[in-house]
Ligand SMILES: Cc1cc2nc3c(=O)[nH]c(=O)nc-3n(C[C@H](O)[C@H](O)[C@H](O)COP(=O)(O)O)c2cc1C
């Protein structure tokens, strides 16, 4: 087993996706991994935050105190777990902007062979939770990574009546966010973090240049 190095990249405005990220981080650390928990830039205007809610403002302060994720944090890691609130059935724009920003890593094939997993938080039960998880997993496949979900051997996944899915960790927070993240959702998030750490400890990433592969495909030898 190698020492697993896990980078968690989170976007969160009201704190529930951040709570999931913290549970994932705790699970990965319990499994022996070194963990980096990072945020992305906030790109939308401040009106997206309810400034009348002390809990939201506290969550914002906690979020902003995290280090800003960089491409180097992903190169360092053997496992990458990213997540955002669901926005209109999709991942959030700030996380998507970060994923676009790491395009040079795709060209270098720098993430090939690493383990990837996802998490999200939604207001509603059936309004984009699993769709967002699947969308979050797709960039990992483009990067040549190995996808990890949550197996049904996790008891909280079998019992859940709220968030948590075979496709990743999730929370259903209610229309006004009042439900927060329940104990089962946290348990599933911890299990995902631990699982990615265990898997990442067993693999050796296999970086290889995508550009060199393209030029080799154009050479006469490749045609023969
Ligand atoms: C612009 C915007 C779009 C949203 N779209 C959805 C949606 O499509 N489905 C849903 O269930 N919740 C939606 N929500 C609610 C958030 O996903 C939900 O409040 C989430 O728990 C927030 O995560 P956070 O606490 O980490 O900020 C939306 C919220 C905002 C501000």
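The values are calculated or read from the model by the stated rules, or taken from the named source; none is laboratory data. This is a predicted model, so every value here is computed, not measured. Positions of Cβ are backbone-derived with ideal geometry, glycine not excepted, and every protein chain shown enters the neighbour counts.
Can you tell me which of 127, 153 is closer than 21 Å to residue 88 by Cβ, outside any helix (DSSP H, G or I) and more than 14 Å from the chain's Cα centre (by Cα)? Write out each step before concluding.
Values: 153 fails: closer than 21 Å to residue 88 by Cβ.
From the options 127, 153, the qualifying one is 127.
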> For region 163-190, what are the residues that are in contact with a strand residue (DSSP E or B) (Cβ under 7 Å, 6 or more places away or on another chain), within 29 Å of residue 51 (Cβ to Cβ) and buried (at least 18 other Cβ atoms within 10 Å of the Cβ)?
Replying inline: 163, 169, 170, 171, 172, 173, 181, 185, 189
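Listed here are the residues, each with its yes/no results for (1) away from the ligand (no atom under 12 Å from the Cβ); (2) at pLDDT below 95; (3) closer than 22 Å to residue 96 by Cβ.
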site	(1), (2), (3)
124	no, no, yes
134	yes, no, yes
161	yes, no, no
167	yes, no, yes
184	yes, no, no
188	yes, no, no
199	yes, no, no
216	yes, yes, no
224	yes, yes, no
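Can you tell me which residues in region 137-146 are touching a helix residue (DSSP H, G or I) at 6+ places or on another chain (Cβ under 8 Å) and over 19 Å from residue 75 (Cβ atoms)?
From region 137-146, those touching a helix residue (DSSP H, G or I) at 6+ places or on another chain (Cβ under 8 Å) are 139, 142-143, 146; that's our starting set.
Correct list: empty.
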> Where in region 6-92 are there helices (runs of 4 or more DSSP H), lying fully within it, with 3 or more residues that are crowded, with 23+ Cβ neighbours inside 10 Å and within 12 Å of the ligand (Cβ to nearest atom)?
Replying inline: 16-30
